[in-house]
Amino acid sequence: MNEAREKTEKIIDTLHKPLKGKRKKVRTYREQARKDYLSVAKKRKPSKNKIRNGIRKQLQYLKRNLHHIKELREETSLSVLNGQLYKDLLVISELYRQQKKMFEEKSHKVAGRIVSINQPHVRPIVRGKANAKVEFGAKISVSLVDGYAFLEKLNWDAYNEANDLIDHIEKYKERFGYYPESVHVDGIYRNRENRRYCKKYDIRISGPPLGRPPKDSEEYRKIMKSAKADEIARIPIEGVFGRGKRRYGLSRIMSELKETSETTISMIVLMMNLEKTLRDLLLPIFRFLQKALYRLRKGTKSLKKVVC
């Protein structure tokens with residue numbers, strides 16, 4: 001809210017510049033608004049009433065600034081604004097509507113909530129992790145086939161990935177011409193609809209079956225042993241995300257534009273696949289050279305023994 005207020009003040013300054021000397025500049029109370037913002041931002045643990053009161057004041061400042069911009073539009077065309085300021089104005093108008101609605105309804109949820117003016121496409125995604133309960137960025141679905149990663153879906157909104165398993169399997173069939181023998185998935189994918197689909201096409205889905213475990217302990221141990229083997233086979237897909245974040249900067253996408261960020265993510269997946277291809281090509285050569293070097297050293301030692 002404070003950033004939006006500061007940007008509207010900059011827009012007002014730009015729109016008033018052609019009218020300098022012709023009319024008096026409108027009041028924005030920017031100094032007082034800054035003090036009101038800092039009185040909440042500098043608090044280590046502001047109370048709910050303090051936060052709500054601060055939001056109310058920022059809404060009032062923002063409403064006044066948007067009203068002044070509307071009046072200045074009648075005398076100065078918005079064409080004097082550059083592309084970035086014009087885009088910011090459109091985003092701020094929607095931001096004000098969302099924040100006002102949440103303030104009036106005393107809620108923290110709204111459809112398509114804007115959390116960044118520079119990146120309005122970014123949405124908060126609640127993950128519930130220990131280090132970060134809420135994450136901001138794109139949510140991707142990746143499949144792994146013979147060590148090669150495929151970017152199946154990329155979306156900036158939070159979505160239930162369990163609904164995409166059928167689409168991923170159909171894409172697999174389009175790529176390779178047949179259905180997979182088995183799919184190793186996380187627990188969230190093992191719903192009844194996905195199990196029914198896999199059973200229809202004779203695809204084994206990882207994990208234990210639904211329902212109460214059987215009374216026979218030996219049969220139960222076999223089922224759990226198979227489920228454990230499936231979980232071990234699924235470990236490499238977790239390594240794709242870890243390697244992408246640790247080595248390729250997948251967790252720190254610095255691009256601001258939506259299209260640029262999506263291209264960067266796709267390029268990271270491509271680079272990981274290229275690394276896999278290069279490793280498969282060079283590894284046999286390195287092994288051959290290692291064996292040849294070992295034989296050469298072994299032959300040299302035998303020759304020394306004969307000479308002595």
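Readers should treat all values here as calculations from the given coordinates under stated rules, not as data from a laboratory. Since this is a predicted model, take the numbers as computed values, not measurements. Cβ placement follows ideal geometry from the backbone for every residue including glycine, while neighbour counts extend to all protein chains displayed.
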Check: Charges only on Cβ, +1 for Lys and Arg, -1 for Asp and Glu: so what's the dipole of the stretch 162-308 about the Cα centre, in debye to the nearest 20?
Finding: 1320
Checklist line | Antiparallel DSSP beta bridges within the stretch 125-257, as percent of all bridges there, nearest 5 | finding: 80
Margin query: Run through the stretch 20-108 and list the GluC sites (Glu not before Pro) located in a DSSP loop whose Cβ has at most 14 other Cβ atoms within 10 Å.
Written below: Glu74, Glu75
Next item on the list: Place the peptides 126-132, 171-177, 272-278 in order of packing, highest mean first, counting for every residue the other Cβ atoms within 10 Å and averaging per peptide.
Entry: 272-278, 171-177, 126-132
Check: Going through the stretch 187-251, which trypsin sites (Lys or Arg not before Pro) have at most 13 other Cβ atoms within 10 Å and a DSSP loop state?
Finding: Lys215
Check: How high is the relative contact order of the stretch 35-127, given as a whole-number percent (alpha carbon pairs under 8 Å, six or more residues apart)?
Finding: 21
Next item on the list: Return the whole-Å distance between the Cα centroid of the stretch 36-60 and the Cα centroid of the stretch 208-252.
Entry: 46
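Given the -39500 (n - 2.57) contribution per DSSP H run of 4+ residues, what per-residue ellipticity at 222 nm results for the chain, rounded to the nearest 500 deg cm²/dmol?
-19500 deg cm²/dmol
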Note to self: With 10 angstrom as the radius, rank Thr260, Thr14 by how many other C-beta atoms surround their C-beta, starting from the fewest.
What the structure shows: Thr260, Thr14
Checklist line | Cα centroid separation - the stretch 88-116 against the stretch 262-295, whole Å | finding: 48
Next item on the list: Compute the signed sum of charges (Lys and Arg +1, Asp and Glu -1) over the other residues within less than 14 Å, Cβ to Cβ, of Arg30.
Entry: +3
Notebook entry, point to check: In debye to the nearest 20, how big a dipole does the chain give about its Cα centre with +1 on each Lys and Arg Cβ and -1 on each Asp and Glu Cβ?
Noted result: 1660
Next item on the list: Please quote Rg/Rh for the chain to two decimal places, taking the Kirkwood radius as Rh and restricting both calculations to Cα atoms.
Entry: 1.17
Item checked: Counting DSSP beta bridges with both ends in the chain, the antiparallel % (nearest 5) -> 75
Notebook entry, point to check: Where does helix 217-233 land angle-wise versus the long Cα axis of the chain, in degrees 0 to 90, nearest 10?
Noted result: 70
Notebook entry, point to check: Taking +1 at the Cβ of each Lys and Arg and -1 at the Cβ of each Asp and Glu, which of Leu89, Leu66, Met102 sits farthest along the dipole of the stretch 2-105 towards its positive end, judged by Cα position relative to the Cα centre?
Noted result: Met102
Checklist line | Whole-Å semi-axes of the stretch 2-105's equivalent ellipsoid (Cα gyration tensor) | finding: 27, 15, 11
Checklist line | Net charge contributed by nearby residues that have their C-beta within less than 15 Å of Ala158 (K/R +1, D/E -1) | finding: +4
